[in-house]
Amino acid sequence: MSSSTRPKPTRKSSSNHRNTLSLQKTEIKIHIYDLLPPGKVSTMLWAIGSSLLHSGVVIGDREYAYGGHDQRGLSGVYYTKPGQEPPGGTFRQALLHGFSFRPQEELDAIIHEASQQFMGTSYNLLTKNCNHFTSYLCDKLTGRSAPSWLNRAASIGVALPCVVPREWISPPDHDTADGELLDEDFEDERSSMLRHDERRRRLRATEDDAQDWEDAQTERISGASGGSDQRGPRGHPRAIPAAERAPLPRRIT
């Protein structure tokens, strides 16, 4: 076909091409921390992909993670400076999980939606922990879940609660993790648009449904381990590691 007969690019196709090139490209990274004390055991478990891990999703200048607290109606999702080690944790690895091609407004909306799925009182070390949140958020942002080995220890704990090493459930205690609760961040930015009481009423209905599911999971795990009571406050398996505790809201600290 001669050049004179080739179809010329339309104004619409040229515009679409420019729009594609102008899309915001955002790196989605996963930071991984080992919660076991440094030593031969933690090194061996890390090498075989079975250590007790904490993870966070890095987007721009924030690292988002999830932890438990006892404040009803508040998300357990918080953010810190990227690479900030949680109490008792040791930085292990940074993974470039993928990219998002969304404007900042859509990224913020996705993060906020994810935060409402992970309430502080719904935290469970085995069935709803920081790595579950990491996988959920990565899937929403990139279409791919986080690597399954991040939660291998929890998967073993659910399947075989009787053989889970004690240090996987109750690592050495430290202070609560540093950071800012995401709920408070959105309150600060949108206080003129959001009404506190209305928001809490909506969240309480969602939280009650989630708590029923968590109670059923905890009861199943306890039954599988011979009926021994391994639960802490609000049905959490034993004590929540400090690295898995969300920061307390500023108004009650």
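The values are calculated or read from the model by the stated rules, or taken from the named source; none is laboratory data. Because the structure is a prediction, the values reported are computed rather than measured. All Cβ positions, glycine included, derive from the backbone under ideal geometry; neighbour counts span all protein chains shown.
Would you confirm whether or not the stretch 138-157 contains a residue that is under 18 Å from Ser50 (Cβ atoms), of a type in the set (A, V, I, L, M), at pLDDT 90 or above and out of contact with any Ser or Thr (no Cβ under 7 Å at 6 or more places or on another chain)? It would help to see each step written out before you state the result.
Here is the first cut: in the stretch 138-157, the residues under 18 Å from Ser50 (Cβ atoms) are 146-157.
Imposing the further condition that a residue be of a type in the set (A, V, I, L, M) reduces the set to 146, 150, 153-154, 156.
Subsequent filtering for residues that are at pLDDT 90 or above retains 146, 150.
Keeping just the survivors that are out of contact with any Ser or Thr (no Cβ under 7 Å at 6 or more places or on another chain) gives none.
So far as the stretch 138-157 goes, no, none of its residues is under 18 Å from Ser50 (Cβ atoms), of a type in the set (A, V, I, L, M), at pLDDT 90 or above and out of contact with any Ser or Thr (no Cβ under 7 Å at 6 or more places or on another chain).
Among the residues of the stretch 77-86, is any modelled with pLDDT under 85 and either closer than 26 Å to Leu137 by Cβ or out of contact with any Ser or Thr (no Cβ under 7 Å at 6 or more places or on another chain) (or both)?
First, the residues of the stretch 77-86 that are modelled with pLDDT under 85: none.
No - not one qualifying residue is present in the stretch 77-86.
Within the stretch 77-96, how many residues are closer than 10 Å to Ala243 by Cα and surrounded by fewer than 20 Cβ atoms within 10 Å (Cβ to Cβ)? Spell out the reasoning first.
Residues of the stretch 77-96 that are closer than 10 Å to Ala243 by Cα, as a first pass: 85-89.
Now drop any that are not surrounded by fewer than 20 Cβ atoms within 10 Å (Cβ to Cβ), which leaves 85, 87.
Within the stretch 77-96, residues that are closer than 10 Å to Ala243 by Cα and surrounded by fewer than 20 Cβ atoms within 10 Å (Cβ to Cβ) number 2.
Being over 21 Å from Ala242 (Cβ atoms), modelled with pLDDT under 65 and hydroxyl-bearing (Ser, Thr, Tyr): is that true of Ser192 here?
On the way: over 21 Å from Ala242 (Cβ atoms): yes; modelled with pLDDT under 65: yes; hydroxyl-bearing (Ser, Thr, Tyr): yes.
Answer is yes for this residue.
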